[in-house]
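Rule-based calculations on the coordinates, nothing more; no lab input. This structure is a prediction, so every number in the text was calculated from the model and none was measured. Neighbour counts are summed over all protein chains in view; Cβ atoms, including those assigned to glycine, are modelled from backbone coordinates with ideal geometry.
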Ligand SMILES: [Zn+2]
């Protein structure tokens, strides 16, 4: 295995690691990799203000999910949509064939309904109510 | 130890679903799980603690805002790192210069560290800061944060073959910078 092959494999195969063990320059590459991974052990300080800010973000995000978005940062103002330019076209009238009626149209007439009389007797034998209902609904 | 590692993908997916449902504890858990990883990457990408903290805040804000659109079948970790790298690259572009480059003639800050491992770590840290941002991001995600090649590919939005190539080149460049650092320290 050549240096290039071992490096291309990122020293992840057995053969590549064996190569690095016997090659000074590739050994340096491996050591660089170890140092790089060591950078992950360093904790980056998070100031209190950031933590507070983070909590605000979380609250706002949860509110947003619930449909109540809290505008916590100035958001870009959305410009009003441009007034649409409407092209006014002359309406094209459809050619209508006018038919002159040769005879008067037959109109269905509602049948004349005889008025309905209601006689309502009350508890007083001297008082009788007559109710006339004209032209009852069909 | 990497705090993002102990969570298995299915555990993480469960937390994501809870957070999507509006569970505050789950949301807080997700943020804390990724907090250190995001900060570490941001610190090494940007070189300044204050900038790293700003970047982390931006990442968490984006995460909270877009979590409801997150498909929990995808893994959250590469997604969070993708946001981190993108935020850092944006900040670097805005800053125009990559990093406040150390004056070539100036004394190196950790020249007096006695332990070889510490010296190597310092050299590697310094070397990282000299890499091109994309190579630096690839190395940080792969080597420091321990993402798989596939996860790095998702995070950087490239093919896995490109990640392998980036890592290979980055390691080569890093080796050159480490040699240079050691040469100057031992002078
Ligand atoms: Zn070799």
(request) Please give the average number of partner chain Cβ atoms lying within 10 Å of the Cβ of each residue in A:41-49, rounded to a whole number. (result) 5
(request) Within 10 Å of each Cβ in peptide A:25-37, how many partner chain Cβ atoms are there on average? Round it to a whole number, please. (result) 6
(request) Partner chain Cβ atoms within 10 Å, averaged over the residues of B:33-44 - can you pull that number for me? (result) 3
(request) Let me have the relative contact order for the stretch B:113-187, percent, based on Cα pairs under 8 Å that are six or more residues apart. (result) 41
